[in-house]
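Here is the structure we will look at, set down as structure tokens.
Where a number appears in this text, it was derived from the coordinates with a stated rule and is not lab data. Just so it is clear, the structure is predicted and the values come from calculations on it, not from any experiment. Cβ atoms come from the backbone with ideal geometry, glycine included; neighbour counts cover every protein chain shown.
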Amino acid sequence: MIYLVEDDSSIQKLVIYTLRSQGFEAEGFALPSEFYQAMEKQIPDLIILDIMLPEEDGLSILHKIRNHRDTAHLPVMMLTAKGSEYDTVLGLDSGADDYVAKPFRMMELLSRIRALLRRTQTARTTRSLSYKDLEVNVDEHLVKVQGENVILTRKEFELLCMLLENQGRVLTRDQLLNKIWGYDFDGESRTVDVHVRTLRQKIEPCGQYIETVRGVGYKIGGSNL
């Protein structure tokens, strides 16, 4: 999924149409508030940001993205009319992964989007997660409990990864449903409870690391705050 924050409707429609025609999932937002609402439901693979926006400028949005642990490493491309060398350096120094000035050529933009996504995928090939004697190799889909391999279903694996990626943070059932099963999933929160129960059983004795926060959801590690 690619999110584009762009208040110029003609540019937004062009970019979104082109991305979708090339096989990408893409959504456009004219207002930062709409973008933030979408981020609560789904974190995309890439964000494309204009700088001059109503409500809040793009550099401010970029700063928030880089300072939130769930999105700190999310690839961000600036797409803006502010194309001077100073503006480009400022955007890159602020944490942007790429900077494209308007007017731009659509095919070049697509090429740079693909290149940025490839770099991101490559960076993830050695990603691993762990908590005490529980280890996960994300890309090889391997789980080890006290050094022994454990086989999980895809949903159990995704559930474990999400909890490990958010160590110390309580994740609600709705958050887990939306992220793992998809926003349009028409199931109920019991689906999460069932998967947590089977996950705990499979990763014993590390199953105790998954804590139930009554009335809220689940977490691994940290305090209850």
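Measuring max minus min along each principal axis, the C-alpha atoms of region 44-107 give extents of 32, 25, 22 Å (largest first). For the pair residue 36 and residue 190, label points projected 7 Å from Cα toward Cβ lie 3.6 nm apart.
Each part gets one Cα centre, and for region 110-173 versus region 207-222 those centres are 18 Å apart.
For region 27-69, the C-alpha radius of gyration sits at 1.07 times the compact-globule guess of 2.2 N^0.38 Å, with N the residue count. Think of the chain as a dipole: +1 on every Lys or Arg Cβ, -1 on every Asp or Glu Cβ, centred on the Cα centre; then among 167, 195, 3, 195 lies furthest on the positive end. With a Förster radius of 41 Å applied to the C-beta separation of residue 69 and residue 111, the computed FRET efficiency comes to 0.85. From the residues 81, 65, 116, which one has its Cα farthest along the dipole of region 1-130 in the positive direction, the dipole being from +1 and -1 charges on Cβ of Lys/Arg and Asp/Glu about the Cα centre? Positive-end residue among those listed: 116. Volume per residue of the convex hull around the Cα atoms, evaluated for the chain, comes out as 141 Å³. Convex hull volume of the Cα atoms of region 2-123, normalised per residue: 100 Å³.
With contributions of -39500 (n - 2.57) from each DSSP H run of at least four residues, the per-residue ellipticity at 222 nm computed over the chain stands at -12000 deg cm²/dmol.
Qualifying GluC sites (Glu not before Pro) in region 126-176, where qualification requires a DSSP coil assignment and no more than 14 other C-beta atoms within 10 Å, comprise 140.
Exposed loop sites were defined as trypsin sites (Lys or Arg not before Pro) in DSSP loop states (anything but H, G, I, E or B) carrying at most 16 other C-beta atoms within 10 Å; in the chain the longest segment without such a site runs 1-68. Here's the list of lysines a cross-link from residue 102 could span, going by alpha-carbon distance under 23 Å and ignoring same-chain residues fewer than 8 apart: 13, 82. Extension gain for residue 165-residue 1 works out to 57.1 nm (0.36 nm per residue, less the C-alpha to C-alpha distance). Divide the volume of the convex hull around the Cα atoms of region 128-220 by the residue count and you get 88 Å³ per residue.
In this label model, residue 93 and residue 55 are separated by 2.9 nm, measuring between points 7 Å along each Cα→Cβ vector.
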